[in-house]
1. Tell me whether the range 110-127 contains one or more residues that are farther than 28 Å from LEU47 by Cα and surrounded by 15 or more Cβ atoms within 10 Å (Cβ to Cβ).
2. Out of the range 144-159, which residues are assigned to a helix (DSSP H, G or I) and either of a type in the set (A, V, I, L, M) or surrounded by 15 or more Cβ atoms within 10 Å (Cβ to Cβ) (or both)?
3. Here is a check on your reading of the model: is SER98 loosely packed, with under 15 Cβ neighbours inside 10 Å and among the small types (Gly, Ala, Ser)?
4. For the condition touching a Leu at 6+ places or on another chain (Cβ under 7 Å) and not assigned by TED's automatic domain parsing to the domain that holds GLU149, what is the one hit in LEU121, LEU47?
5. Six or more apart or on different chains, Cβ atoms under 9 Å: show the pairs whose first residue is in the range 139-160 and touching a residue at least 60 places away in the same chain (Cβ under 8 Å) and whose second is acidic (Asp, Glu) and loosely packed, with under 14 Cβ neighbours inside 10 Å.
Amino acid sequence: MSRVRCGLPLLLLLLGSACSRNTPTNLFERAEYLILEQRYEEAIPLLKQFLLKNPYHSGAHYYLGRCYFAPKDKFWFAIAEGEIQTALALFLRDGKKSTIQRFSAEYFELICHLDIAKIRLRQAMFLTEKLGDFRTAAALLEQATHSVEAAREVSPNSPDVQQIDQLIRDFRRSLEMPMPRPSTPPRALPGTLI
């Protein structure tokens, strides 16, 4: 019986240390884990806290932008785009080095451009559907197209580039559709000229 009692604490100690190796230890790793679990709102304060000590970390800015962009029920377009633009600028300033271990430098640059295009596309959709603002939506689609072209320079044959490019083209075509004409001419009111 005493061997079992002595073995149990040792087993718990070993299991505890094995579990702690799989648990993210710093703020960035914990935030990344939450993002991969699609728990974006929980990751935001961790990323902000991390950025207070590491303001030039391109990966943290990118992830923060993703957190503001990913939820479909939130409309934090400007914050999301600003964070991803900051991530891209820091990435370029630092000699195109990815600060996200699982992203190659090429992928980091590609995904920044594509996410900026997606943000602008979603913003254009929001403006047309909710506010009827077609002029601003058209300008955003033009900017989204520039971001897609920048992504194409990074990875010309990427299916992700082709996919977002097609989404932008399709949405642009939907905006150009003429308004349907009524099948019968409007009737003149008495005393008015047509």
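1. There is at least one residue in the range 110-127 that is farther than 28 Å from LEU47 by Cα and surrounded by 15 or more Cβ atoms within 10 Å (Cβ to Cβ).
2. Initially, the range 144-159 is screened for residues assigned to a helix (DSSP H, G or I), giving 144-154, 159.
ALA144, THR145, SER147, VAL148, ALA150, ALA151, ARG152, VAL154 - these are the residues of the range 144-159 that are assigned to a helix (DSSP H, G or I) and either of a type in the set (A, V, I, L, M) or surrounded by 15 or more Cβ atoms within 10 Å (Cβ to Cβ) (or both).
3. no
4. Step by step, each of LEU121, LEU47 is checked, and only LEU47 is touching a Leu at 6+ places or on another chain (Cβ under 7 Å) and not assigned by TED's automatic domain parsing to the domain that holds GLU149.
5. Sorted first by the residue in the range 139-160, then by its partner, the list stays empty.
The values are calculated or read from the model by the stated rules, or taken from the named source; none is laboratory data. Since the structure is predicted, the reported quantities are computational estimates derived from the model, not experimental observations. Glycine also receives a Cβ, built like all others from the backbone with ideal geometry; neighbour counts cover every protein chain displayed.
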